[in-house]
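The values are calculated or read from the model by the stated rules, or taken from the named source; none is laboratory data. Bear in mind that the values here come from a model prediction, so they are computed numbers and not experimental data. Backbone-built Cβ (ideal geometry, glycine too); neighbour counts: all protein chains shown. In case anyone asks, the SASA skips ligands and DNA or RNA and just uses the protein heavy atoms, side chains included. Shrake-Rupley method; radii C 1.70, N 1.55, O 1.52, S 1.80 Å.
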Amino acid sequence: MAVKVYKIKPIGFASNSYILTEDAKDCVVIDPAQPRVFKECGKLGLGPVAVLLTHGHYDHIGGCGEFFKAGVPIYCGKGEDELIFGEGIREGFNDVEIPYFEVAGYLEDGQKISFAGIDFCVLTTPGHTACEVSFVTGGIIFSGDVLFCESVGRTDLASGDTDALIASVERLYALEGDYTVYTGHGEDTTLEHERRRNPYVRAKK
């Protein structure tokens, strides 16, 4: 069966969240931005087996507490825990309540992982944060806040780096063929569209 992707758009300020299933029974959740994402899994009749975080900004992890309480393991890029559990996550948002959770494992560049029958390749794509990762499965990329539809992520928050971001976007552009890109904010896009139309980073010729 093909991977089915459910996009959960935020209510208020938060990121897009994604629920993926291959067998219509188990699922993987990418960036559970709000607690209600856990309930959305139940509404779909799916049991979450893993949470994958592209990065640790609070608007992407607001629902992690619900999954952690349910015993669902949570994974992020190696080193990103320094942002998730550090003071930098609150930069500019001092009144934000971060849910308690723990990280079960850390992911490295090129690592192959498999959950709920879905195979992923982990790509380190720093720039928006120092240790952000993107997840590739089949013809799909989950780009977090590195690449958006005709835009790119900001680099003026804790651990951001503009040069690193540009290099990460170019790395995604260099992947062979076209991909559907599910972004952390805004609408979906395709890699080919961004190679041709992104005004911030153009594909190298």
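Summing +1 for each Lys or Arg and -1 for each Asp or Glu among the other residues whose beta-carbon sits under 9 angstrom from that of Gly184 gives -3.
Pairs of Cα atoms in the stretch 34-154 fall into 10 Å distance bins, from 0 up to the last occupied one, in shares of 13, 43, 37, 7 percent.
Per residue, the accessible area of the stretch 31-70 comes to 33 Å², computed with a 1.4 Å probe over protein heavy atoms only.
Distance between Cα centroids, the stretch 1-68 to the stretch 118-140: provide it in whole Å. That distance is 16 Å.
For the chain, the antiparallel share of DSSP beta bridges with both residues in that region comes to about 60%. The accessible surface of the chain, taken with every protein chain in place and a 1.4 Å probe, is 50 percent carbon and sulfur. Placing unit charges on the Cβ atoms only, positive for Lys and Arg and negative for Asp and Glu, gives the stretch 11-71 a dipole magnitude near 220 debye about its Cα centre.
Please go through the stretch 102-202 and write out the GluC sites (Glu not before Pro) that DSSP classes as loop and that have at most 16 other C-beta atoms within 10 Å. Display every interim value, and only then the final one.
Numbers: sites: Glu102, Glu108, Glu132, Glu150, Glu170, Glu176, Glu187, Glu192, Glu194; in loops: Glu102, Glu108, Glu132, Glu150, Glu176, Glu187.
Counting only loop positions with at most 16 other Cβ atoms within 10 Å, the GluC sites (Glu not before Pro) in the stretch 102-202 are Glu102, Glu108, Glu150, Glu176, Glu187.
Tell me the net charge near Ala130. Cut-off is 9 Å between Cβ atoms, Ala130 excluded, with +1 for each Lys or Arg and -1 for each Asp or Glu. Result for the local shell: -4. Each helix, a run of at least 4 DSSP H residues, gives -39500 (n - 2.57); summed and divided by the residues of the chain, these come to -5000 deg cm²/dmol at 222 nm. Taking a ≥ b ≥ c as the square roots of the eigenvalues of the Cα gyration tensor, the stretch 106-205 is oblate, since a/c reaches 1.5 or more and a/b is not larger than b/c. Charges were assigned to the Cβ only: +1 to each Lys and Arg, -1 to each Asp and Glu. The resulting dipole of the chain about its Cα centre is roughly 600 debye.
Remark: for residue pairs Lys4/Lys43; Lys4/Lys78; Lys78/Lys112, the C-alpha separation exceeds 25 Å in Lys4/Lys78. For the chain, taking the reciprocal of the average inverse distance between every pair of different Cα atoms yields a Kirkwood hydrodynamic radius of 16.8 Å.
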